[in-house]
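The values are calculated or read from the model by the stated rules, or taken from the named source; none is laboratory data. Model, not experiment: these values are computed from the prediction. Glycine gets a Cβ as well: all are built from the backbone with ideal geometry, and neighbour counts include every protein chain shown. Each accessible area value is taken on the protein alone, full model and side chains, heavy atoms only, with ligands, DNA and RNA left out. Shrake-Rupley method; radii C 1.70, N 1.55, O 1.52, S 1.80 Å.
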Amino acid sequence: MTRWSVCLFRPLALLAGAMLPLLAGSPPLSDRVVAYRIEGTYDPKAHTVTALETLTYVNKTGQALDRFPFHLYLNGFQPKATWIKEAHRDGSRDFGGNSGWDAKKTGSQEIQSFEVEGMGDLKGQLQFIRPDDGNPDDRTVVEVKLPKPVAPGASITFKIGFKATFPEVIARTGYKRDFLMAGQWFPKVGVFWKGQWNCHQFHASTEFFADYGTYDVKLTLPASYHFGSTGVVTSEKVNGDGTKTVTARAEDVHDFAWTADPRYVVTEDDVLLPSGKKHIRVLMQAGRAPSTARYLQALKGTMQKFEEWYGPYPYPQITVVDPPHGADGAGGMEYPMLITCGTSWKMPKGAMLPELVTEHEFGHQYWYGMVGTNEFEDAWLDEGLNSYSEVKVLDALYGRTTGVLNFPFATAGGRSLQRLSYSGVADFDPMTRNGWQYATGNAYGGTTYGKTATVLLTLEHLIGEAKVQEALRVYFMRFRFKHPTEEDFMATVNEVAGQNLDWFWNQAVKGTARLDYRVRKVNVERADWYAASGADAGKGAVSYRSEAMVHRKGDFVYPVTLVATFDNGEVVKESWDGQDRWRRWEWVRPAKLVSVEINPDQAILLDLNRFNDSYVVKADTRATSKLGTYWMTISQWASQLLAWLV
Amino acid sequence: MTHPSTSPSALARVLSHPRLIAWILGVSLILAWLASLPARTAFGGILNHSKASTALVQGFDVGTFAELLSSPEIPQEALFAASGAQLLVWFIFLLFITGGVYATYGTQNRLTTGEFFHACGGAFWRLVRLTLTSLLPFALVGGIFALLVKWSNGLEASPNERTSDYALWAGLAFAGLLMTFVRAWFDLAQAKAVLRGERGIFKLALRTFRRVTLRLYVTYVALVGLRLGLTVALLALWMRLAPESTGKVFLLMQLIVLVNITTRLWQRAAAVRAVEGMA
């Protein structure tokens, strides 16, 4: 859409937002445990927000609560904090392991006042706690002990004055030049889950966990800044002193993020889904107009697929944010109703990065946004399910082998790259490990994203693609706006599949066994190999004895189907439960074995080595010849470069 | 002093000795083939009997290739060591034949094989010393380029995303022009060393610095442009080839190598013409 249309759509968007309270007559989608009201002022020169947060918490736990922990995530960006300690040790996408400390990366959340209605000033009762690693320098969780508990069913209102100082972009939040992505910027209460408070420290490899509720946020910022946020902007008032005050409201979400940049080019659009018309706002960097269309196309296609496969997107709007160059750390992130993507002005059409990141981050609106799993403890339930969905959507929209790279000279699809990311860390950590306890950052990424996607793609082989899709749909519809567990997910799949898949979950999800079946040996000879060339040999039709042996190289036990093809066109399928270490088959017939394959179409994606899953009797050297030719060519080109020095 | 047009006459000299071009191309091909043998053996052991290889024949699946490379059966260090060894042998070969190349282009008569190799051997150590001397200005150009890269990285702070990229490309182009000058300078020195028997390499290099004419430099720059342009055009053609047509790809790639070899020889012939035009 052209910029002039912003003039048309902006008022409509505001009108839509203003009508939200009128629509409040519709029942809440979630069990609204929290109601946040935040009123603050953003100072772009100091990169701070000073605000007053009023949090009303409804005790639906069934127990009296006398203490409340709060996340102060921005305190994680300090040299001795746990987040930085872990990033320095393992490296992260935002912070190189060997980098010195750059003071611009410092962030903080300072509580300036803390009152509780009916209990007075409790700032003195605040204490930092470190439930995960005991790091005395980590201040990302603060807890207050109340003088009197909150009874079950009752509510409590906290009034928290705070100042958030943003770092230069790191780990999805921060500023770069005039751009700001404000994520995890306010004191956020923990979740009472499984009978106790769940409020983890901020770790380098973990994300977030919070309760559902409503957010009413009023922010004063420079009038020239374009603003985008979770929820919908309900009013925008220019104050006459160079600032404006923006009010936004979001319902049935568990987080609120916002962004501001005077340089955004705003595009407004709509998409018609089965659940109704949804508004789209794209906040784009100038000079990247071609990517706006790419974002929109990918987003609309993804939204259609998610509604078709899993369930409705109930919110009225989605905002897409394009961080500027140098702020890549703010890209590729999800917040309720707001996603950040990533591209560059020279992004070629065949590199599907804008599409991939848009699809992935929108997918989190479902897996994390509406199905509010614990991202600290069960990271695979959001990242992994989302990576699986990503493969399926990219396959549907852009092709199974071209969904990530689509050049005439090279292609790549999502499933092979997910598998690749997992294969390097296959035997390190189970998917069920707590997010901050993985061996390395790569192990976390490869397992929560890549392995989970690969496990679910392999599940399609076990129970059928339609069943997996149905299971995810049931899981989404059953657990949206709730906090399901790993067991909830696996039980749902078992239920939909109509079978107990615990043997699979125990190995794939809870274990680290490697799955690798290989065709170890193939032999073809005349059945009468013992006969001399003479009377006994060659009389009548020649019979051949063909043999194949399959070896279970890994420790993961999985049923295998062997497909044997003969030179008379006959195809034989043999089943094996895969329990033993090896199995041999033999066929005697008037035809020679041409090939055997144990993983047709690579449907058992968990199998770590696809090259040994088949054996073709007659060698096909085309691939080797092709690679050899390119190897030669690159050697020659390198030689020609060297010729410049002579 | 008259300066005959160097380009067309230089090209004529190159084209009048097609066997030299063919020989250099042949050696390049043989060395590259030898360098590729460990890779062919390693890849073949995995791919030749596997149906998964079709993902690399019908198209080129990057995921499959990445999995292949990360396979424990692929000895990556050995593969790259073979290519590294090939580059070293090629480098020495080029150094060795450079004397013969200049002698070939610098004479009206056709050299016999013995005369060619005599010229190669006779000038070899001088050319080695000249090459070593040339590393100094090349390193200086490299240093200038590193500074330009640092400068362009500093422009990342600019709100305009393209500023840093444009600066980097301009720096690259500037460094390329400087490198071309250094190349022309030392080609001229090499030609003088071979054709005039000049010795005292360091002084030869210093004296020759001032003898690089604008015409010669422009010729060198134009030939670099031609080389790049033809390479890009041929690569564009490559992208239109069917992925499984390995034979056509091979021929096209050899054509690119031929363009590179011919334009480089053309530059040397231009240096010879420039020496002939000197007093």
note = Note: among B:PHE60, B:PHE43, B:PHE80, just one is out of contact with any Gly (no Cβ under 8 Å at 6 or more places or on another chain) and facing chain A (nearest Cβ under 9 Å), namely B:PHE60
ask   = Taking into account only those residues within the stretch B:23-42 that are in contact with a helix residue (DSSP H, G or I) (Cβ under 9 Å, 6 or more places away or on another chain) and small (Gly, Ala, Ser), which is nearest to B:SER83 (Cα to Cα)?
value = B:ALA35
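Of all residues in the stretch A:583-626, which are touching a residue at least 24 places away in the same chain (Cβ under 8 Å), under 19 Å from A:VAL560 (Cβ atoms) and part of a strand (DSSP E or B)?
Result: A:ARG583, A:ARG584, A:TRP585, A:GLU586, A:TRP587, A:LEU593, A:SER595, A:VAL596, A:GLU597, A:SER614, A:TYR615.
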remark   = Okay, strands (runs of 3 or more DSSP E) sitting entirely in the stretch A:138-208 with 2 or more residues that are surrounded by fewer than 24 Cβ atoms within 10 Å (Cβ to Cβ) and of a type in the set (A, V, I, L, M, F, W, C), I get A:141-150, A:155-165, A:191-193
query = Would the stretch A:316-330 turn up any residue that is more than 14 Å from every other protein chain (Cβ to nearest Cβ), surrounded by fewer than 20 Cβ atoms within 10 Å (Cβ to Cβ) and either closer than 17 Å to A:ALA182 by Cα or of a type in the set (Ser, Thr, Tyr) (or both)?
reply = no
ask   = Do you know which of the residues in the stretch B:140-165 that are under 21 Å from B:VAL221 (Cβ atoms) and within 12 Å of chain A (Cβ to nearest Cβ) is surrounded by the most Cβ atoms within 10 Å (Cβ to Cβ)?
value = B:VAL141
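Rundown of residues vs (1) more than 21 Å from the chain's Cα centre (by Cα); (2) under 19 Å from B:ALA270 (Cβ atoms); (3) open to solvent by less than 60 Å² (accessible area, probe 1.4 Å), yes/no style:
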{"site": "B:LEU20", "(1), (2), (3)": "no, yes, yes"}
{"site": "B:ALA32", "(1), (2), (3)": "no, no, yes"}
{"site": "B:PHE43", "(1), (2), (3)": "yes, no, yes"}
{"site": "B:THR54", "(1), (2), (3)": "yes, no, yes"}
{"site": "B:PHE80", "(1), (2), (3)": "no, no, no"}
{"site": "B:PHE116", "(1), (2), (3)": "yes, no, yes"}
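If you go through the stretch B:206-262 one residue at a time, how many are of a type in the set (S, T, N, Q), in a helix (DSSP H, G or I) and within 12 Å of chain A (Cβ to nearest Cβ)?
5
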task = Could you tell me which residue of the stretch A:289-303 is surrounded by the most Cβ atoms within 10 Å (Cβ to Cβ), considering only residues that are among the polar types (S, T, N, Q) and in contact with a helix residue (DSSP H, G or I) (Cβ under 9 Å, 6 or more places away or on another chain)?
result = A:THR302
task = Please name all residue pairs, on different chains or six or more residues apart, with Cβ atoms under 7 Å, provided the first residue is in the stretch B:85-101 and is facing chain A (nearest Cβ under 9 Å) and the second residue is small (Gly, Ala, Ser) and surrounded by fewer than 22 Cβ atoms within 10 Å (Cβ to Cβ).
result = B:LEU87/A:ALA638; B:LEU94/A:ALA643
remark   = Condition set of a type in the set (Phe, Trp, Tyr) and at pLDDT 95 or above, scope the stretch A:367-411, selection surrounded by the most Cβ atoms within 10 Å (Cβ to Cβ): answer is A:TRP380
inquiry  = Need the failing condition index for A:LYS521 against (1) of a type outside the set (Gly, Ala, Ser); (2) part of a strand (DSSP E or B); (3) open to solvent by less than 30 Å² (accessible area, probe 1.4 Å); (4) in contact (Cβ under 8 Å) with a residue 24 or more places away in the chain, just the number.
reply    = (3)
Yes/no for B:ALA22 being among the small types (Gly, Ala, Ser) and either at the interface with another protein chain (Cβ under 7 Å from one of its Cβ atoms) or over 21 Å from B:LEU255 (Cα atoms) (or both) = no
inquiry  = For the stretch B:175-192, check the following and say yes or no: at least one residue is in a helix (DSSP H, G or I), at pLDDT below 95 and of a type in the set (Asp, Glu).
reply    = no
query = Restricting the search to the stretch A:548-572, which residues are of a type outside the set (Ser, Thr, Tyr), over 26 Å from A:ALA508 (Cβ atoms) and open to solvent by 10 Å² or more (accessible area, probe 1.4 Å)?
reply = A:ASP567, A:ASN568, A:GLY569, A:GLU570, A:VAL571, A:VAL572
ask   = With A:TYR615, A:TYR630 as the choices, which residue is open to solvent by 50 Å² or more (accessible area, probe 1.4 Å), at the interface with chain B (Cβ under 7 Å from one of its Cβ atoms) and within 39 Å of the chain's Cα centre (by Cα)?
value = A:TYR615
query = Does A:ASP580 satisfy being open to solvent by 60 Å² or more (accessible area, probe 1.4 Å), away from every other protein chain (no Cβ under 14 Å), not hydroxyl-bearing (Ser, Thr, Tyr) and not in a strand (DSSP E or B)?
reply = yes
note = Flagged in the stretch A:382-427 as assigned to a helix (DSSP H, G or I), more than 8 Å from chain B (Cβ to nearest Cβ) and of a type in the set (Gly, Ala, Ser), in numbering order, are A:GLY384, A:SER387, A:SER389, A:ALA396, A:GLY414, A:SER421
message = Whether any residue in the stretch B:256-269 is more than 30 Å from B:VAL57 (Cα to Cα) and of a type in the set (Lys, Arg) is what I want to check.
response = yes
